[in-house]
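**Q** First the structure, which I've put down as structure tokens, then a few questions once you've had a look.
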Amino acid sequence: MGSGIAQVAAHAGFTTKVREVSDPLCQRARANIEKSLAKVVERGKVTPEQRDQTLGRLSFTTTVADLRDCDIVIEAVVEDLEVKNALWKELDALCPAHTIFASNTSSLTIAAMAAATTRPDRMVGLHFFNPVPVMKLVEVVRTVTTSMATFDAAYAFAQKLGKEPIRAKDNSGFVVNLLLVPYLLDAITQLEHGVASVEDIDRGMQLGTGYPMGPFTLLDFVGLDTTYKIAEIMFDEYRETRYAPPPLLKRMVLAGMYGRKSGKGFYDYAVDPPRVNDLGL
């Protein structure tokens, strides 16, 4: 997500600094961006000159202090409030008062991060969707302390990136995940109940609703560990059973079956085309 956000920002003409926790991760981020740009050049959507200009606007660092002069900082670290707030506190002490802090969180509330800073009026949510260079949507989230000027600036920034922003209230899950996560969790529950197979549920939702992919393909793409973490956060927020992670999801995460990222989830990606895993149901 961070690489994708950096790519679209640099492509839109913004001087962009990417901070990673190690040099190898910086190198991997740059490689991911170069690979992504190569694809759009091949498709004729970006010229080689535009690609080179985009790469020229990017710099990479492992030092948080190198972000001190940024006008906006977009955080896309692990979905853990303690980790995020430790970063925000560090940035809060470094960045000038005008700097806007924006979180790409998909399930945590912006208020929970704003409270960790001395600039709650300058904290906003900018929730991008994966893959960032392709997906047009950005949820712009205003919490109770966000100033209207900050919200308007963040909304305009998303538009300058070529995105289509929507306004969202600061509730866990915002708009899309508030509706999407229960759907994904319910698909797992119905699989556990023996309603239909992985393939038939996926095919049914594609053909019956026009979705580009079924729920299990999407779960593997998002990451089962990520989905499990988001579900736990949302269940803790709302205390509604529709946000509770099903037992099968927990078992798969414990087994290291995270989806595409680990090579195994509801499907086995060691073969082409991927085949459904035997989950012992």
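The values are calculated or read from the model by the stated rules, or taken from the named source; none is laboratory data. Only a predicted model underlies this, so the values are computations on that prediction, with no experimental measurement involved. Note that we place each Cβ from the backbone using ideal geometry, even for glycine, and neighbour counts take in every protein chain shown.
**Q** Counting only residues that are touching a Pro at 6+ places or on another chain (Cβ under 6 Å) and closer than 18 Å to VAL222 by Cα, how many does region 120-159 have?
**A** 1
**Q** Of all residues in region 160-187, count the ones that are touching a residue at least 60 places away in the same chain (Cβ under 8 Å), in a helix (DSSP H, G or I) and not basic (Lys, Arg).
**A** Of the residues in region 160-187, 4 are touching a residue at least 60 places away in the same chain (Cβ under 8 Å), in a helix (DSSP H, G or I) and not basic (Lys, Arg).
**Q** Suppose we keep only residues that are in contact with a Gly (Cβ under 8 Å, 6 or more places away or on another chain) and free of Cβ contacts under 8 Å to residues at least 60 places away in the same chain within region 88-124. Which one would you say is nearest to THR146 (Cα to Cα)?
**A** Residue satisfying both the conditions and the ranking: ALA102.
**Q** Inside region 1-120, counting only helices (runs of 4 or more DSSP H) that do not spill past its ends, which hold 2 or more residues that are more than 24 Å from GLN159 (Cβ to Cβ) and over 19 Å from the mean Cα position of the chain (by Cα)?
**A** Counting at least 2 such residues, we get 23-42, 48-56, 81-94.
**Q** Quick check on my filter: what residues within region 139-184 are within 24 Å of ALA38 (Cα to Cα) and buried (at least 17 other Cβ atoms within 10 Å of the Cβ)?
**A** Within region 139-184, ALA158, LEU161, LYS163 qualify.
**Q** Now a separate question. Please verify whether region 80-87 includes one or more residues that are touching a strand residue (DSSP E or B) at 6+ places or on another chain (Cβ under 9 Å) and either touching a residue at least 40 places away in the same chain (Cβ under 8 Å) or in the same structural domain as ALA9 (by TED's automatic domain parsing) (or both).
**A** yes
**Q** Among the residues of region 32-53, is any without any contact (Cβ under 8 Å) to a residue 12 or more places away in the chain and within 28 Å of HIS98 (Cβ to Cβ)?
**A** For region 32-53, residues without any contact (Cβ under 8 Å) to a residue 12 or more places away in the chain and within 28 Å of HIS98 (Cβ to Cβ): present.
**Q** Next question, about the same structure. Among the residues of region 118-131, is there at least one that is more than 29 Å from HIS11 (Cβ to Cβ) and of a type in the set (A, V, I, L, M)?
**A** no
**Q** Now a separate question. Would you confirm whether or not region 148-159 contains a residue that is in contact with a strand residue (DSSP E or B) (Cβ under 6 Å, 6 or more places away or on another chain) and either part of a strand (DSSP E or B) or within 25 Å of LYS229 (Cα to Cα) (or both)?
**A** No, region 148-159 contains no residue that is in contact with a strand residue (DSSP E or B) (Cβ under 6 Å, 6 or more places away or on another chain) and either part of a strand (DSSP E or B) or within 25 Å of LYS229 (Cα to Cα) (or both).
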